[in-house]
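Here is the structure we will look at, set down as C-alpha cells.
The values are calculated or read from the model by the stated rules, or taken from the named source; none is laboratory data. Worth saying up front: this structure is predicted, and the values here are computed from it rather than measured. Please note: Cβ atoms are built from the backbone with ideal geometry, for glycine as well, and neighbour counts cover all protein chains shown.
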C-alpha cells in the first residue's frame, strides 16, 4: 500500500516537472489560464504574474482521487536572466533518484518555465498532514543561489529563513507558536571545555517560576533551535498548557565534526563531566534532578549515546531523525544498537522520532535509511529493558517536522503521565 501511494505521488510530480509527458488538461488550472493568456497576449507577463500572485502561494488544491493528498503548485518569479530554478524540500523524497550521490541533481526538483517569462512552476502531490520547509535554488551566471519563497508569509525565523509549507491536516500549532513576550531574557554564556579543546558558546533560558529541582533540556545546535525555530517558545508553550513542568533550556552551539573520529566519546565527556557540573554551579540543576538530552540527525545520535553511557547523569534523550545508521570507521552500520547492554535499574527514557519521508537511500547512509534505523534502535532498546517511544511524524529531515516532534518528546518524557 505504501509503495503504491508513493508511486502515485511520484508520477504526478514527475509529470508536473516536465520529466514525463503531460497533456494540456493535466496542467494546474492557474497555470493553464496563464498559458492561455500568454498564447494570445505574449507581452502580458505582468498581468499573468499579478493574477497568479493574487492568490495564496503556493497554490493548494484538493486531489481529485485521494482525500489523503493535496495538490501543491509552487510558483516563483525569478530575475530575467535566471537559467534554472529547482525546488528543495523533503516533499521531493518520493521522486529522489536513489541512491542520492549529488543532492542537487538527485533530490531537488526542476521547475518548468512559462514560455517567454521569468515565471516558473511545479506541481506535486503531498500528504495533507505534512508540514515542511522549502526553498528555491536558482542558477544565474553559472552560480546557484538559495532563496525562500517571497510570496509565502510562512517561514522560519531569522534572515532568509526557509519558507514553510503547511497543509490542512498538519500537526496543531499550539506548541510551536511564537512567544512575543518573555519574563526572562536568554543568557549567552561561555564554557571552556577540556574534552572538546575549545570554548563552547551556550544559550541559557531559565524557566520563570521553576522548582528547585526543575528539569533541564540540553539541546544541540543553537543556530537551529535559537534562531530558526526557537526551542524556548516550544518549552514556554508546553509549560503554559500544563503539558510539562517549568523546564530550563540550555542550547549548545554545535556538534564538533571531528568528534566522529573519536566515536563521540569527547561529546559524552563534555556533556556529563563538564556541562552538567557547570549547570549545577549555576543553579540550573542539582544532583538527581532530571536532565534530558536532545538533538536532530547526528546530534540525536550523540544524545542517545550519552544517555546510554551515563545513565547516572541523564534521565532521558530525544532523538529527532537520529543518525543511527552511523558507525565508526571499520565498523558495520547501526553500531550504536550493538553497544546496548541490559537496562540499569534507573534506566534513562528514550523518545525517538523519524519522518515518514525519511526512506531515501544516500551515499551517506548506504541504504540504512533513517526511518528503518530508528525503528531498529527502538526495538533494540525495548528488548534490553529501556522505556522507549517511537514516533513517526508526517514529514522528513527538516526542522518543520522536528519542532512538533520535540514538543511531543518533551511531553512524553516530562509530562504528568
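Do any residues in segment 59-80 that are within 16 Å of residue 394 (Cβ to Cβ) and in the same structural domain as residue 128 (by TED's automatic domain parsing) have Cβ atoms under 9 Å from those of residues that are at pLDDT 95 or above and exposed (fewer than 11 other Cβ atoms within 10 Å of the Cβ), where the two are at least six apart or on different chains, and which pairs are they?
Note: pairs meeting the criteria are 60/168; 70/168.
So which pairs qualify, if the first residue must be in segment 32-57 and touching a residue at least 60 places away in the same chain (Cβ under 8 Å), the second must be outside any helix (DSSP H, G or I) and loosely packed, with under 13 Cβ neighbours inside 10 Å, the Cβ gap must be under 8 Å, and the two must be at least 6 apart or on different chains?
35/115; 38/115; 38/116; 42/116; 45/116
Just a yes or no: is a residue in segment 301-309 assigned to a strand (DSSP E or B), in contact with a strand residue (DSSP E or B) (Cβ under 9 Å, 6 or more places away or on another chain) and under 22 Å from residue 365 (Cα atoms)?
no
Being within 21 Å of residue 304 (Cα to Cα), buried (at least 18 other Cβ atoms within 10 Å of the Cβ) and in contact with a strand residue (DSSP E or B) (Cβ under 7 Å, 6 or more places away or on another chain), is that true of even one residue in segment 232-244?
Yes, segment 232-244 has at least one match.
Name, by its number, the condition in (1) touching a strand residue (DSSP E or B) at 6+ places or on another chain (Cβ under 6 Å); (2) buried (at least 22 other Cβ atoms within 10 Å of the Cβ); (3) more than 20 Å from residue 269 (Cα to Cα) that does not hold for residue 216.
For residue 216, the failing item is (3).
Look at segment 387-407 and say how many of its residues are in contact (Cβ under 8 Å) with a residue 60 or more places away in the chain and not in a strand (DSSP E or B).
14
Of all residues in segment 84-123, which are part of a loop (DSSP other than H, G, I, E, B), farther than 20 Å from residue 42 by Cα and in contact with a strand residue (DSSP E or B) (Cβ under 7 Å, 6 or more places away or on another chain)?
Answer for segment 84-123, where residues must be part of a loop (DSSP other than H, G, I, E, B), farther than 20 Å from residue 42 by Cα and in contact with a strand residue (DSSP E or B) (Cβ under 7 Å, 6 or more places away or on another chain): 99, 107, 108, 111.
For residue 183, are the conditions met, namely being closer than 30 Å to residue 56 by Cβ and either at pLDDT 95 or above or in the same structural domain as residue 253 (by TED's automatic domain parsing) (or both)?
When the stated conditions are applied, residue 183 does not pass them.
Tell me, please, whether a residue that is touching a residue at least 12 places away in the same chain (Cβ under 8 Å), surrounded by 18 or more Cβ atoms within 10 Å (Cβ to Cβ), over 21 Å from residue 226 (Cβ atoms) and in contact with a helix residue (DSSP H, G or I) (Cβ under 6 Å, 6 or more places away or on another chain) can be found in segment 279-287.
No: zero hits.
Mind checking which residues of segment 155-191 are closer than 30 Å to residue 76 by Cβ and loosely packed, with under 15 Cβ neighbours inside 10 Å?
157, 158, 159, 160, 168, 169, 172, 173, 177, 178
Somewhere in segment 264-281, is a residue more than 22 Å from residue 411 (Cβ to Cβ), assigned to a loop (DSSP other than H, G, I, E, B) and under 26 Å from the mean Cα position of the chain (by Cα)?
yes
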